Every structure is written in C-alpha cells, then in structure tokens.
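Report on the structure given below.
The values are calculated or read from the model by the stated rules, or taken from the named source; none is laboratory data. Given the structure is predicted, the values throughout are model-derived calculations rather than measurements. Here Cβ is always computed from backbone atoms with ideal geometry, including for glycine, and neighbour counts include all displayed protein chains. Quick note on the areas: whole protein, heavy atoms, side chains included, nothing else; ligands and nucleic acids left out. Shrake-Rupley method; radii C 1.70, N 1.55, O 1.52, S 1.80 Å.
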Amino acid sequence: MRLQSRTPNASRTPRTTRLRAAALIGSAAMVVLALQNGAATAAPEHTSGATALPLSASARADALKSAQDAAGSTARELGLGTREALVVRDVIKDANGTVHTRYERTYAGLPVLGGDLVTHVAKGGALKGVSKATSARIAVASTDATISAATAKKSALAGTDSATASARKVIWAAGTKPVLAYESVVKGLQHDGTPSELHVITDATTGKKIYEYQAIDTGTGTSEYSGTVALGTTAAASSGGFDLIDGGRGGHKTYDLNGGTTGTGTLFHDADDAWGDGTPANRQTAAVDAAYGAAVTWDFYKSAFNRNGIAGDGKAAYSRVHYGNAYVNAFWNDSCFCMTYGDGSGNSHPLTSLDVAGHEMSHGLTAATAGLKYSRESGGLNEATSDIFGTSVEFFANNSADAGDYLIGEKIDINGDGTPLRYMDQPSKDGGSADYWSRNVGRLDVHYSSGVANHFFYLLSEGSGAKTINGVSYNSPTYDGSTVTGIGRAKADQIWYKALTTYFTSSTDYAGARTGTLQAASDLYGAGSAEYNAVAAAWNAVNVR
C-alpha cells in the first residue's frame, strides 16, 4: 500500500468543518499575542500570507503548551478513537492566520509509529484539512503481546554484530493495517565505521519482522577551505583565550574527538582567536570549516525562512570533528542533535565542506518537522531534502572559494576521476541514482532514490535543457520530453520548506510529495499560478503524476 499525505483541501464532513479545538485556537491566540508584543514579524517579501511567522523561544513554548492542553478535545473533534491521544510536536502560524499543528499519536498509552498527522486550521477556527501519515483507523484487537520483548530483541539482533538491543511495545501503523508490535533499537557500527541505530519493527503476535530503518542519517563531502572566514567565538573568562562557541547562533560548539568515536571530545580552544591555517595538518582547520558551515546554515534558515535554529527553538546543534581513523563520511545523529565529520582517506581530507554542513544540519530540520523515515521513498525524500538545502546553503554563502552549484560532493573526488558524488540535473550520471520515479525506486539505497526529488528541485529551480551556472554546465532531461521553465531557486526553496514543515509526514512518498508541494505552492503563490503550474510540470517531468 502506498501511503501518502492527504491533501488539506480534502472533502469535509459537517463535523470537521465545525472544528474549533481549543488547542488550535489557543495556539493561534498565543501566536497573535506574540505578534502584538513584537516577538514575531512576517517576512515582507511574501504577500500571499502563507509564509510561516517566526516565534521567540518563549512564544513557541507557550503555543506548544496551549495546543497540548487541549489535545483531548482536538482528538475528539477529529473523530479519533477513545483509546487514542495526541502529543503535540510543533505549531506553525502563517501570516494569514492559518495554524498548522503537528501531532504524534498514542493508542492505549502506546506510541503509534506512522500515525502522525498535521491539522490545518484557518484564522477563524475552521478546519481546512488534515495531513495524515495513514488513513487507517488505529485499533488492535489486544495490546497483550504473544511474543516477549526478549524474543523481539533476539530477532532484531540476528545478522548484526551488536550484542544488545532495547525493545518497546508500539502500534505499527505504517503498513496496510495497524498491528501490535515491538520496536527494537540495535546500536553498533555500520561497515564503514558510521554509528548504527537500526530500528527493527517486529509483529508482537507472529514474531515476523515487518520493517526496519536506519536512524543515523549519513552524507559525504570534501575537505575544502572557504578562505578567511568570520567565526563566532566566546571569550573563556576563567582560563583566558577563546572557545569555539558561537553565542550569536544558539551557542553552537565545535569539539575535537581526536580519533574517538564516542562522547563529545574536547571543546576547541585558542589563545589568540586566530583559528587554523588552511591545512589538514592543523587540527583547528577542520573545526573552522565545521563551525563556518554551521554558522552559514543557521543564517540561511534564518534569512530564507525566518527559522530560529534547526529545531525552531533558538538552540544550536553541535559539531564533532576528527571522528575515528580515516573515516570517509559525515553523519547527523538526532539523539545527540549533532553533526560528526571524519578525516577522510589517509586522515588528510576532512569531510567538513560547506555543503556537507548544510546537508547534515538539514537532516536535523527533517527530524524536527516531518520526521521522514530513513527508508524506501520517505528515506529518499529525507536525503533529497538535505541535498536540496545543502546546495542552497552553498549558493547562499556566495563564497568565491566555493561557488554555488547543483553538484553534491564535487570536490571529494571519491571516484578518483574528478567527478562529483551526485548530480541534481541528471542524477543517473553517478551510475546509481534514479532520474525518474518508478515502482522500483523505493528499493534503492536512500542516497540513490533521492535522485527523483533532486531532479525535481533542479528542474523547478532552473528548468530543463542545457545551461551554464557559475561556470558549471548542466543539461537536464525530462521523462516525457517536455520543456520545463524554472521559477528560480529561492521560490523552489520556499515551496519545499513549506511542504516539509506543514504537509509532509513520516511516511510521505513521492506521490505524497507531489500533493504536498502543490498545496504549498497554492498557499504561497496561489492555485493556478505560474509557480503552482511549474511544480506540476516538474513532477510530471520526473514521472511523479
């Protein structure tokens, strides 16, 4: 069964059109109050009213609490079962007064995996629609498991090098029918040294493995130097000198793991606030690149979307460099809310490039919003989101040492012939990524299934055919031979961000991504606008219809 988000303009029942859930109204009231107090301002460059308003940390906390306080009445108004409950994850208020509230669900006190939903409520309180990860009614015959948690853990450990796993009872709702299950988490190392956090879903009645996905989101980049850059640092009052703590961007910290693979390592410290020398032999150089990438990514999200930090709460992630020995990768881990970078082949090519930082931090954005599961089509959309925003961070930086492009990992030379890791204009040029959607896309590694969305984003931004951008030549084809006219990367960014944060859910697939981005384009620019039509044309061009 192909799961997808419902369009928020789906047909309404008389009951849902009367939705006046106090959680939603309360959230709206808190946001309005914040606006009156100057805590948030609308982005003036957008006039449609669908742009999300920024909130101070305290206003956001109040909005979340208000929504949670009335989650029970919201659940009843949505027609959920008596054993179901809603847990608020996020509240977004648009300039036009629409409130988008994202919820997780529980059933009889058990977490419902794949049961997340987002309500969209107009300024006056009327329900505009609900985006659901599943349309199935959440119910199971019994919450008593036939197999034990120990049996589920043993099954999850089979075929891994790990010795221990945790297990909890859940309702698995991402399949064709909700079932009682165990979610086991197996931690260890992947084949290349990347930490592993494998989530295995086991049917609690039959003992059969239903699903598994990797929770450590990985990416690759290059040891590139962005020239002389400004860094946010903090004077160390007690010891003198300076710490690599960016107080102006949520307190982002950069640590030296010094070859270790656990913990945070040692916070970088310098006597004269002059960091690194541009060579990998100086341990501070990788830290400069990581800290600079984190700063530019923070600034990009603030400038483009008025987002205050990756999670929208004004708090920074942190970075760890010099992970392991000759580790040729970088990764995001949501459990520590941090980015980690290896030193590359021969420990001489740290993977701390600007686009890698943007890519990894954007995994944090996805985790804080849609929570796209890192497997199958949703996993491809997760990876594509990081490629999309990592690329946009690179363009935003406007750094002459690394001009923006639609190539991923172009300087790492992982292939030994100067070619990039991935291409957004024609993903199949890497030898593994998909240019177009097919029924087999979900079977690919998520770094390859991401090609469909990467291609869509390139076409939406720049259009099809041959062109040269910042000295790089592109020639993007289309599935149906059509000609696509781009709307510019800035508008494409807005549409993807809006869809991710308000319409995508954990199980959104490519069909659901088309629905969500069309709704986002309608919200931002109007149904039938040039931007809306371009979104439809770009999805058609990658065979998502």
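First compute the accessible area of segment 277-403 with a 1.4 Å probe, then give the percent of it belonging to carbon and sulfur atoms. Walk me through the numbers before you get to the answer.
Details: 1490 of 3170 Å².
For segment 277-403, the apolar C and S fraction of the accessible surface comes to 47 percent.
The phi torsions of segment 449-459, fed into the Karplus equation with coefficients 6.51, -1.76 and 1.60 and a -60° offset, translate into couplings of 5, 5, x, 4, 6, 4, 5, 4, 5, 4, 4 Hz, rounded to whole numbers, with Gly and Pro shown as x.
A crude spin-label estimate for the pair residue 158 and residue 445, with each label 7 Å from Cα along the Cβ direction, gives 2.6 nm.
Pop out the carbon and sulfur fraction of the accessible area of segment 73-209 as a percent, whole number, probe 1.4 Å.
Working: 2920 of 5680 Å².
Roughly 51 percent, rounded to a whole number.
So what J values fall out for segment 86-98 if you push phi through Karplus, 6.51 cos²θ - 1.76 cosθ + 1.60 with θ = phi - 60°, rounded to Hz, Gly and Pro as x? For segment 86-98, the Karplus-derived couplings read 10, 10, 6, 10, 7, 10, 10, 10, 7, 4, 7, x, 5 Hz, x marking Gly and Pro.
Here the peptides 243-251, 86-94 are ranked by packing, the mean other Cβ count within 10 Å, and the order with the highest first is 86-94, 243-251. Think of the chain as having a plus end and a minus end, set by charges on the Cβ of Lys, Arg, Asp and Glu; of 175, 325, 258, 175 sits farthest toward the positive end of this dipole.
Near residue 196, the amide H atoms lying under 5 Å from its own belong to 188, 189, 190; only residues 5 or more places off or on other chains count, and H is placed 1.01 Å from N.
Rounded to the nearest 20 debye, what is the charge dipole size of segment 371-412 about its Cα centre when +1 sits on each Lys and Arg Cβ and -1 on each Asp and Glu Cβ? Numbers along the way, then the final one.
Values: 3 positive and 7 negative charges, 41 e Å.
Dipole magnitude for segment 371-412 comes out near 200 debye.
How much accessible area per residue does segment 197-321 have, in Å², with a 1.4 Å probe?
On the way: 4960 Å² over 125 residues.
Heavy-atom accessible area per residue stands at 40 Å².
Here the spin labels are modelled as points 7 Å beyond Cα on the Cα-Cβ line, and at residue 142 and residue 336 they lie 4.3 nm apart. Amide H contacts of residue 123 (H built 1.01 Å from N, in plane; Pro and chain starts excluded): 98 sit under 5 Å, all sequence-distant by 5 or more or on other chains.
In the chain, a dipole from Cβ-located charges (positive for Lys and Arg, negative for Asp and Glu) runs towards its positive end, and of 81, 353, 214 it is 81 whose Cα lies farthest in that direction.
Once you sort the root eigenvalues of the Cα gyration tensor of the chain as a ≥ b ≥ c, which label holds: rounded (a/c under 1.5), prolate (a/b larger than b/c) or oblate (the other case)?
Details: a/c = 1.35, a/b = 1.24, b/c = 1.09.
Rounded.
Near residue 479, the amide H atoms lying under 5 Å from its own belong to 542, 543; only residues 5 or more places off or on other chains count, and H is placed 1.01 Å from N.
Listed cross-link partners 153/208; 65/315; 65/491 are compared with a 24 Å cut-off, the Cα-Cα value being larger for 65/491. For the chain, the 222 nm mean residue ellipticity estimated from helices alone, with every DSSP H stretch of n ≥ 4 adding -39500 (n - 2.57) and the total spread over all residues, rounds to -9500 deg cm²/dmol.
The phi-based Karplus calculation (6.51 cos²θ - 1.76 cosθ + 1.60; θ = phi - 60°) puts the 3J(HN,Hα) values of segment 383-389 at 5, 4, 4, 5, 5, 4, 7 Hz, whole numbers, x for Gly and Pro.
Of all aspartates and glutamates in the structure, the ones whose alpha carbon falls short of 15 Å from that of residue 128, not counting any fewer than 8 places away in one chain, are 77, 94, 523.
Figure the gain on full extension for residue 277 and residue 96 (residue separation times 0.36 nm, minus the Cα-Cα span) and round it to one decimal in nm. Numbers along the way, then the final one.
Working: separation 181, 0.36 × 181 = 65.16 nm, distance 4.93 nm.
Full extension of this stretch gives 60.2 nm more.
What would the Debye equation give as log₁₀ I(q)/I(0) for segment 318-456 at q = 0.08, 0.14 Å⁻¹, counting only Cα atoms as equal point scatterers? Debye intensities relative to I(0), on a log10 scale: -0.20, -0.64.
The Cα atoms of segment 88-242 give a gyration tensor whose axes a ≥ b ≥ c have a/c of 1.5 or more with a/b no greater than b/c, which makes the shape oblate.
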